[in-house]
1. Long-range amide H contacts for V39: which residues qualify at under 5 Å (H placed 1.01 Å from N, peptide plane, sequence gap of 5 or more or a different chain)?
2. What share of all Cα pairs of region 28-150, in percent, falls into each consecutive 10 Å distance bin?
3. Under 19 Å Cα to Cα from K139, which lysines show up? Leave out anything in the same chain fewer than 8 places away.
4. To make sure I understand the rule: partners must be aspartates and glutamates, Cα under 13 Å from the Cα of K79, and not fewer than 8 residues away in the same chain. Which ones qualify?
Amino acid sequence: MRNLAIGLLFFAIIWAQQPASQAQEPEPATQLPGGATIVYSLGDLEKMDKIELTRIYISKLTRLYRILEYLPFAKLEPKTPNDLKIPSVPANDKAMSQLEGALRDYIKTTESTLTTIIPYADKKQIIDAILFLQAVTNKVELVGLGMSQLIY
């Protein structure tokens, strides 16, 4: 999980160094094919209060956590080792179960903590963080679906 935090910090630094984009026409929130992720526009987010934005931020962060684990397998959310095309033997079943349990505990702690502290952040910063996580997650989902050639 420490590597995940370092990776997210790296993306945040890169994101912060990008020049501000020009204002665009707000687009409505859209659902990606397969129902994987809701995509919010800046206009959608600006209409929301900090509590709604906090829920969306946590949702985006949780989605990214869940799909990063299995990215090398080009499978977004496997349920069993067979979904990853690895043998379903007790050791592999146990490893996946332990990973899922650790992630569930981590997400539970993160959600609880962030629900308390994120509303104190500046609304613009929360929105920027959501848009950043949304962009990163969308690209990671493409890689997880085997479409990495579209983003490099």
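1. For V39, whose amide H was placed from the backbone, the distant partners under 5 Å are T30, Q31, L32.
2. Cα pair-distance distribution for region 28-150, in percent: 12, 37, 32, 15, 3.
3. Reachable lysines: K60, K75.
4. Hits, sequence-local ones excluded: E69, D93, E100.
Just so you know, all these numbers are worked out from the coordinates, no wet-lab data involved. The structure displayed is predicted, hence computed values, not measured ones.
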